[in-house]
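Below is one structure, written out as C-alpha cells, with a few remarks after it.
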Amino acid sequence: QVQLVESGGGLVQPGGSLRLSCAASGTIFSPNAMGWYRQAPGKQRELVADIAAGGITTYRDSVKGRFTASRDNAKSTVSLQMNSLKPEDTAVYYCNYRDRRGGYWGQGTQVTVSS
C-alpha cells in the first residue's frame, strides 16, 4: 500500500501563487509515476501535471507556462508550483502515484482562487 499526504492548498487572489506538495509513504515500487489531478464542483477529475518514471512531464494545456511540477525520487515527493492563478483553477487538487500495482490517491487539498 501507498499513502499520499498533500499540503499547501488555500485561498489566493487571481494572479497569485501557491505551491502544493505531496509525500508518498509505504511500499514504494520503481518505476513509478507521480502527478496532480484536480476536480472542480460538478466536473470530472482532470489531469493537471504528471511526471513519468523517466522524468517526462505532461501538463494540461490550460496550465502550461503557469504551473511547474517537480519530483524528488529519493524522497518520493512531488510538488506543483502554481503561478498566475486564475479563478478557473479553483478545484480540489489530488496527488496521484502509480506503479505496476495500480494507482493511489491522496485525500485532496482545496485551492480557491478568488478576489
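The values are calculated or read from the model by the stated rules, or taken from the named source; none is laboratory data. In this text the structure is predicted, and so the values were computed from the model without any measurement. Using ideal geometry, Cβ is built from the backbone for each residue, glycine included, and neighbour counts are taken over all protein chains shown. Only protein heavy atoms, including side chains, enter the accessible area calculation; ligands, DNA and RNA are left aside. Shrake-Rupley method; radii C 1.70, N 1.55, O 1.52, S 1.80 Å.
Key figures for this structure:
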read-out	value
Which of Ser84, Ser30 is most accessible, then next, and so on - probe 1.4 Å	Ser30, Ser84
The chain, accessible surface, carbon-and-sulfur percent (1.4 angstrom probe)	49
Exposed trypsin sites (Lys or Arg not before Pro) absent - longest run of the chain, DSSP non-H/G/I/E/B, at most 12 other C-beta within 10 Å	1-42
Zone of Asn73's modelled label, taken as backbone nitrogen in the stretch 14-41 under 13 Å from a point 7 Å along Cα→Cβ	29-34
18 Å cut-off, amide nitrogen to a point 7 angstrom out along Gln107 Cα→Cβ, residues in the stretch 5-29	5-11, 20-26
Whole-number accessible area per residue in Å² for the chain, which is evaluated in the context of all protein chains at 1.4 Å	52
Two-site label geometry, Arg45 and Arg100: point separation in nm, points 7 Å out along Cα→Cβ	2.4
